[in-house]
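A.B. asks: Before we start, here is the structure in question, set down as structure tokens.
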Amino acid sequence: MEHTIVESQSYDICFDYIEELIHKQEPLTTVLRLLILFSVTNSGLPKKHFDYLRRELLHSYRFEHITTLNNLEKAGLFKKQESRSNRFTIKRALQLVVEDTDTANFNDISYVFSGYAPLSIRLIQHAIRSGWRPVEEILKLLPGPHLETKRGAFSNSPSFDSLSGVSTGIAKVPDGRRALVLVVFVGGVTFAEISALRFLCSQEGMAYDLIIATTKIVNGQTLVETFMEKLG
């Protein structure tokens, strides 16, 4: 179902599935994980569906979880749809979903997620390929500000010929080693994203070694739990 939501295959099927989980009173963290993914991939939910799911959640799991839902709303993870979703444009431009992934001859980071390329890793690929300027219009569709600045060795960064991360030239520091890129995740990173970056580093022709720094290691469960709070 997570793949179905990410691939935006059927809104109604995803909505009905989440509704069924709520009525069955499945673990709240399981429901919220899918609900957050559903909301984020659609840039929010239509007011009618947002109000309905919110009401059903409070009825099934009791009103003590109203603070949890408020926390998710404040974070923008569960919200009403205020504009048309840009998900399809972003997904297509950054190749977030790769169909027919070849498990025998894999050469793309989507292999790590069985056909899905994390947005974070795609942005890193663009950054080390040619900077973010070529995808600046796409960045404007994403939440939060963005900034690109170049200094030192990065002003002569090699160009990459595709999103696969294969470069047209190898950038090396004076002693022959590959140049280093520090990737910082503020708020947390998953082990799967780390695996995707390691996979990117191991590709033939990769111009850089990547060092990962983060404030925390997270997963779907722990991320949702940070927003969970009961009244009383």
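Every number here is computed from the coordinates shown, using simple stated rules; none is lab data. The structure displayed is predicted, hence computed values, not measured ones. Glycine gets a Cβ as well: all are built from the backbone with ideal geometry, and neighbour counts include every protein chain shown.
A.B. asks: For Glu225 and Lys140, what does the FRET efficiency come to when R0 = 45 Å and r is the distance between their Cβ atoms, rounded to the nearest 0.05? Let's see the in-between values first.
C.D. replies: Values: r = 32 Å, r/R0 = 0.71.
Taking R0 as 45 Å, the efficiency between Glu225 and Lys140 is 0.90.
A.B. asks: How much mean residue ellipticity at 222 nm does the chain get from its helices, if each DSSP H run of length 4 or more adds -39500 (n - 2.57) and you divide by all residues, to the nearest 500 deg cm²/dmol? Walk me through the intermediate numbers first.
C.D. replies: Working: 10 runs with 97 residues, N = 232.
My calculation for the chain gives -12000 deg cm²/dmol from helical runs alone.
A.B. asks: What whole-number distance in Å separates the alpha-carbon centres of segment 182-209 and segment 59-86?
C.D. replies: 31 Å
A.B. asks: Next question. Contour minus end-to-end for Arg92 and Glu2, with contour as 0.36 nm per residue of separation and end-to-end as the Cα-Cα distance?
C.D. replies: Numbers: separation 90, 0.36 × 90 = 32.40 nm, distance 1.81 nm.
Taking Arg92 through Glu2 to full extension adds about 30.6 nm, to one decimal.
A.B. asks: With bins 5 Å wide starting at 0, give me the P(r) of segment 2-84 over every alpha carbon pair, in whole percents.
C.D. replies: Distribution as computed: 3, 15, 29, 29, 17, 5, 1 percent.
A.B. asks: Give, as a single signed number, the net charge of other residues whose beta carbon lies under 14 Å from the beta carbon of Cys14, with Lys and Arg counted +1 and Asp and Glu -1.
C.D. replies: Details: positive: Arg33, Arg87; negative: Glu2, Glu7, Asp12, Asp16, Glu19, Glu20.
Net charge in that neighbourhood comes out at -4.
A.B. asks: Shifting gears a bit: For every other residue with a beta carbon closer than 15 angstrom to the beta carbon of Asp51, add +1 if it is Lys or Arg and -1 if Asp or Glu, then tell me the sum.
C.D. replies: Numbers: positive: Lys47, Lys48, Arg54, Arg55, Lys79, Lys80; negative: Glu19, Glu56, Glu73, Glu82.
With Lys, Arg at +1 and Asp, Glu at -1, the net is +2.
A.B. asks: In segment 48-128, which GluC sites (Glu not before Pro) are in a loop and have at most 12 other Cβ atoms within 10 Å, using DSSP for the loop call? Walk me through the numbers before you get to the answer.
C.D. replies: Numbers: sites: Glu56, Glu64, Glu73, Glu82, Glu99; in loops: Glu82, Glu99.
Listed in order of number, the matching sites are Glu82, Glu99.
A.B. asks: Now for a different question. Could you give me D for the chain, from Stokes-Einstein at 20 °C and 1.002 mPa s, where the hydrodynamic radius is the Kirkwood radius over C-alpha pairs? Units µm² s⁻¹, please. Provide the component values of the computation, followed by the final result.
C.D. replies: Numbers: Rh = 19.6 Å.
The diffusion coefficient I find is 109 µm²/s.
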